[in-house]
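Right, one structure below, let's go through it.
Read the figures in this text as sums done on the coordinates, not as results from a lab. Values in this document were obtained by computation on a predicted structure and should not be read as measured data. A quick note on method: Cβ atoms are made from the backbone with ideal geometry, for glycine too, and the neighbour counts reach across all protein chains shown.
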Amino acid sequence: MKWFVGHLGQVGDLLVTHALLAVIPLIIGVVLAIPLGWLAHRFRWLRTPLVVSTGLLYTIPSLALFILMPLVLGTGILDPLNVVIALTVYTVALLVRTVADGLASVPDEVIQAATAMGVGGVRRFFTVDLPLAVPVIAAGLRVAAVSNVSIVSVAALLGIAQLGSLFTDGFARNFLDPIVVGIVACMLLALVLDLVILVGSRLLTPWTRSGAAA
Amino acid sequence: MIALREVTKVYPGGTAAVEGLSLVMPTGQITVLVGPSGCGKTTTLRMINRMIEPTSGTIEVDGRDTASLNPGVLRRGMGYVIQGGGLFPHRTVLDNIATVPLLLGWDRRRARSVAAEQMERVGLASGLAKRYPNELSGGQQQRVGVARALAADPPVMLMDEPFSAVDPVVREQLQDEFLRLQAELGKTIVFVTHDIDEAIKLGDQVAVLRVGGALAQLAAPAELLADPADDFVADFLGRDRGYRGLAFTAAPDLPIAPEPTVVLGADGDTARLTAAGRGWLLVVDQADAPLGWVQPTQLSGAVTRETLHRGGTVATVGGSLRAALDAALSSPSRRGVLVDDDGRLVGTVRAQDVLTEIEREPQRSPS
Ligand SMILES: Nc1ncnc2c1ncn2[C@@H]1O[C@H](COP(=O)(O)OP(=O)(O)OP(=O)(O)O)[C@@H](O)[C@H]1O
Ligand SMILES: [Mg+2]
């Protein structure tokens, strides 16, 4: 506890970096996953290859991916870009299927009604399909957010500073306090992100809160 | 006018949903497409607004081949009520209804105010405007579907089983309101149903389709009942065709007998005196509207609501032969109650006299 009070500023900095490293890939990941998920939904023959290949990406161990990134991108080993891109890959891996499922959850008669009224193409996607897929996409996003928070800490092994550094630091000095503080901060961060997404999705989907059958 | 000429639709996989269908749907009238499940009703409807392209044949709307029109523009000019409602779950009632006006580029305020008018027109309380569809009853949802299709005042309405998802009482109410609305609006309506009674009630003309999408018969409802083209149509029309056909014949000058009455609340002695030995006595309210029958000899006190027998139906003078006959048959006294347009008692009629009138009717022949 004394250690924590003494290192408040440092823990705060690490927390902010950690949050950014987790959230930025999340946002880029959603933006990329929406068109990919749409492709998987729209062209049935694309679904299996897309979902399987992006799913496979998720099985690459994170440490390996962090180490591979500089080789692929030509970045320095300490460049945070490695983490951002690696986590974007994971986010996309998780969300392509979710987006495709979300779009598939839109009731057919709603789509037919939109078409019958002359709402088509891009307009229909953004005004009907996507808003109705939000609840499913948000659920996937919550999983991705929590997963990102935990994977970011692995990057400490490469020397990229964030909350994970508290683990490596505490472990190296055989000192428990930073480890405990790191774990608690990670959990809090994950909880807060989860809550933000939950509240955001509720705000975007007022219709799901009302009525008997949502 | 919508004209289908030799329209055929074969789905990939070889299902012939519609085959060689030629059909003219006159402007300002209700054409009902009716037939068993899978006979191609929805397919036909969707070929009209090009949600489905015909395999062969042409469809013209007011003399223009729809194949030459932009599908989006075509669809915005045709209200469509979809089987099962198809309301947007994420939009309020008002915004659902305002969909097409907004697409047409009206400003938001005007679109909303027109949507509010439509709500009133279809009998939706204005308090429902801000609700989401899942906060409405089935009947209310159907009304929103109709209001949404009407919103931009399209000359053509395509309606796919718009009233099928509600219970019979609500359905009947919606049908009556629909007819009242159509009398006011005079749209060209193509109405799909698998319910023959609905078809007969609503249609100016009824097209009966067979599985495979061929036209079995096209006729006005009365003619359909009187003269089914073949066994399939006759079977599909079902029983009691003669009786149901009477709904389309006005009862002209039935011999109407005056009927002695008591006002609700009268005492038993007055009732017995008025009845003068008849078994059943008609009870009316202060405005002379019939309420039901009583048996004066069974009365222990005054004529109250609890003592009333309400089994009898009431027919309007100048209404159909069916209504007059039913009034007589359903009355415990066998005297059918007739009222004027304001619901006031005119007199009673006997089944016998209605039958005499029916026999006097010239045999209807297909036109
Ligand atoms: N997209 C499709 N692909 C292949 N076959 C189809 C398709 N849509 C409909 N069909 C077939 O075409 C036939 C007519 O279908 P349609 O939906 O027009 O029937 P319907 O008369 O509206 O039936 P219902 O009363 O059940 O709504 C059916 O045999 C159906 O299985
Ligand atoms: Mg159908």
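So, R0 is 35 Å and r is the distance between the beta-carbons of residue B:257 and residue B:231; what FRET efficiency does that work out to, to 0.05? If you can, show how the numbers build up before the last one.
Values: r = 43 Å, r/R0 = 1.22.
After rounding to 0.05, the efficiency reads 0.25.
I need the fraction of alpha carbon pairs in chain A separated by more than 21 Å, rounded to a whole percent. Present the calculation step by step, with values, prior to reporting the outcome.
On the way: 13587 of 22791 pairs.
Taking all Cα-Cα pairs of chain A, the fraction more than 21 Å apart is 60 percent.
Distance in nm between label sites at residue A:109 and residue A:184, each 7 Å beyond Cα in the beta-carbon direction?
For residue A:109 paired with residue A:184, the spin-label model returns 5.4 nm.
Between residue B:110 and residue B:340, what is the label-to-label distance in nm when each label sits 7 Å out along the Cα-to-Cβ direction?
Reported label-point gap for residue B:110 and residue B:340 is 4.6 nm.
If r is the Cβ-Cβ distance from residue B:169 to residue A:27 and R0 is 45 Å, what FRET efficiency results, to the nearest 0.05? Before the final figure, lay out the partial values.
Values: r = 53 Å, r/R0 = 1.17.
After rounding to 0.05, the efficiency reads 0.30.
Give the lysines whose C-alpha is closer than 19 Å to that of residue B:9, dropping any in the same chain fewer than 8 places away, or say none.
In chain and number order, the partners are B:41.
Using only the alpha-carbon atoms, what does segment A:1-55 span along each of its principal axes? Please give whole angstrom values in decreasing order.
Principal extents (Cα only, largest first): 59, 17, 11 Å.
Treating only the Cβ atoms of Lys and Arg (+1) and Asp and Glu (-1) as charged, compute the dipole magnitude of the protein assembly as shown about its Cα centre; round to the nearest 20 debye.
Working: 48 positive and 53 negative charges, 359 e Å.
In debye, rounded to 20, the protein assembly as shown gives about 1720.
Which of A:30, A:89, A:196 ends up with the largest GNM mean-square fluctuation for chain A, with Cα atoms connected below 10 Å?
Residue with maximal mean-square fluctuation among A:30, A:89, A:196: A:196.
In µm²/s, what is D for segment B:95-183 at 37 °C and 0.692 mPa s, where D = kT/(6 pi eta Rh) by Stokes-Einstein and Rh is the Kirkwood radius from Cα pairs?
Numbers: Rh = 13.4 Å.
Translational diffusion coefficient: 245 µm²/s.
Distances longer than 24 Å among the Cα atoms of segment B:261-360: what percent of all pairs is that? Please list the in-between numbers first.
Details: 1055 of 4950 pairs.
Distances greater than 24 Å cover 21 percent of the Cα pairs.
Out of all DSSP beta bridges with both ends in chain B, state the antiparallel percent to the nearest 5. Intermediate values should be presented prior to the final figure.
On the way: 30 of 54 bridges.
Approximately 55 percent, going by the DSSP bridge assignments.
At a 10 angstrom cut-off on C-beta neighbours, averaged per residue, how do the peptides A:44-52, A:95-103, B:336-344, B:195-203 rank from highest to lowest? Could the numbers behind the result be given before it?
Working: A:44-52: 12.9, A:95-103: 23.6, B:336-344: 17.1, B:195-203: 20.2.
Sorting A:44-52, A:95-103, B:336-344, B:195-203 by mean packing, highest first, produces A:95-103, B:195-203, B:336-344, A:44-52.
With N residues in segment A:72-173, what two-decimal value do you get for its Cα radius of gyration over 2.2 N^0.38 Å? Working shown, then result.
On the way: Rg = 19.9 Å, N = 102, 2.2 N^0.38 = 12.8 Å.
Normalised by 2.2 N^0.38 Å, the Cα Rg of segment A:72-173 equals 1.56.
Pulled fully out, how much extra length does the chain show between residue A:60 and residue A:75, if you take 0.36 nm times their separation in residues and subtract their Cα-Cα distance? Walk me through the intermediate numbers first.
Working: separation 15, 0.36 × 15 = 5.40 nm, distance 1.96 nm.
Computed gain between residue A:60 and residue A:75 is 3.4 nm.
Between residue B:37 and residue B:250, take the C-beta separation as r, use R0 = 35 Å, and let me know the FRET efficiency to the nearest 0.05.
Plugging the Cβ-Cβ distance into 1/(1 + (r/R0)^6) gives 0.50.
Roughly speaking, what % of Cα-Cα pairs in segment B:1-80 are separated by over 18 Å, rounded to a whole number? Don't skip to the answer; put the middle values down first.
Details: 1192 of 3160 pairs.
Percentage above 18 Å: 38.
For chain B, what is the per residue volume of the convex hull drawn over the alpha-carbon atoms, in cubic angstrom? Display every interim value, and only then the final one.
On the way: hull volume 61.3 nm³, N = 367.
It comes to 167 Å³ per residue, whole-number rounded.
Compute the relative contact order of chain B as a whole-number percentage, counting only Cα pairs closer than 8 Å that sit 6 or more residues apart in sequence. Please report the intermediate quantities before stating the final value.
On the way: 733 pairs, mean separation 55.1, N = 367.
That works out to 15 percent.
As an exercise, identify the chymotrypsin sites (Phe, Trp or Tyr not before Pro) in segment A:133-182 lying in DSSP coil whose Cβ has no more than 13 other Cβ atoms within 10 Å. Working shown, then result.
Values: sites: A:167, A:171, A:175; in loops: A:175.
Of the chymotrypsin sites (Phe, Trp or Tyr not before Pro), the ones in loops of segment A:133-182 whose Cβ has at most 13 other Cβ atoms within 10 Å are A:175.
Go ahead and estimate [θ] at 222 nm for the protein assembly as shown from helices alone: -39,500 (n - 2.57) per DSSP H run with n ≥ 4, summed, over the residue count, rounded to 500.
Values: 24 runs with 288 residues, N = 581.
Counting only the DSSP helices, I get -15500 deg cm²/dmol.
Run the quick spin-label model on residue B:69 and residue A:16: label points 7 Å from Cα toward the beta carbon, then report their separation in nm to one decimal.
That separation, rounded to one decimal, is 6.1 nm.
With viscosity set to 0.890 mPa s at 25 °C, what whole-number translational diffusion coefficient in µm²/s follows for the protein assembly as shown from Stokes-Einstein and a Kirkwood radius over Cα pairs? Numbers along the way, then the final one.
Details: Rh = 29.6 Å.
It comes out at roughly 83 µm²/s.
Given just the C-alpha atoms of segment A:121-214, how large is their convex hull per residue in cubic angstrom?
Roughly 116 Å³ of hull volume per residue.
What number do you get for segment B:198-268 when its Cα radius of gyration is normalised by 2.2 N^0.38 Å, N = residues? Before the final figure, lay out the partial values.
Details: Rg = 19.4 Å, N = 71, 2.2 N^0.38 = 11.1 Å.
Against the compact-globule rule of thumb, the ratio is 1.75.
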